[in-house]
1. Six or more apart or on different chains, Cβ under 6 Å: which pairs go from a residue in segment 12-33 that's open to solvent by 90 Å² or more (accessible area, probe 1.4 Å) to one that's of a type outside the set (K, R) and not in a loop (DSSP other than H, G, I, E, B)? Could you list them?
Amino acid sequence: LPRFYCDYCDTYLTHDSPSVRKTHCSGRKHKENVKDYYQKWMEEQAQSLIDKTTAAFQQGKIPPTPFSAPPPAGAMIPPPPSI
């Protein structure tokens, strides 16, 4: 009897039928596992982007932002837009 393996839950279902899959995939634990999987994936993607940006900045490929240094003496700072 073929069994279905759920990658998100890291488990085998009793057998591979549409009704068993549907029941499993609509369950609370499966939905939490899917949510956790994609949350972790997004965190890894964000950390990867942060690491790449930091490395590029340290290598001088990204210039410092114009707001990182104080304005020159006598420079006028425009007022914020009125609402």
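The values are calculated or read from the model by the stated rules, or taken from the named source; none is laboratory data. Keep in mind that what you see is a predicted model, and the values were worked out from it rather than measured. Quick reminder, even Gly has a Cβ in these numbers, built from the backbone with ideal geometry, and neighbours come from all protein chains shown. Surface areas here come from the heavy atoms of the whole protein model, side chains and all, with no ligands, DNA or RNA. Shrake-Rupley method; radii C 1.70, N 1.55, O 1.52, S 1.80 Å.
1. Going by the 6 Å Cβ cut-off, the qualifying pairs are Y12/Y5.
Quick grid of which residues meet (1) outside any loop (DSSP other than H, G, I, E, B); (2) among the hydroxyl-bearing types (S, T, Y); (3) in contact with a Cys (Cβ under 7 Å, 6 or more places away or on another chain); (4) at pLDDT below 95:
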position: H15; (1), (2), (3), (4): no, no, no, yes
position: V34; (1), (2), (3), (4): yes, no, no, no
position: Y37; (1), (2), (3), (4): yes, yes, no, no
position: T54; (1), (2), (3), (4): yes, yes, no, yes
position: F67; (1), (2), (3), (4): no, no, no, yes
position: P79; (1), (2), (3), (4): no, no, no, yes
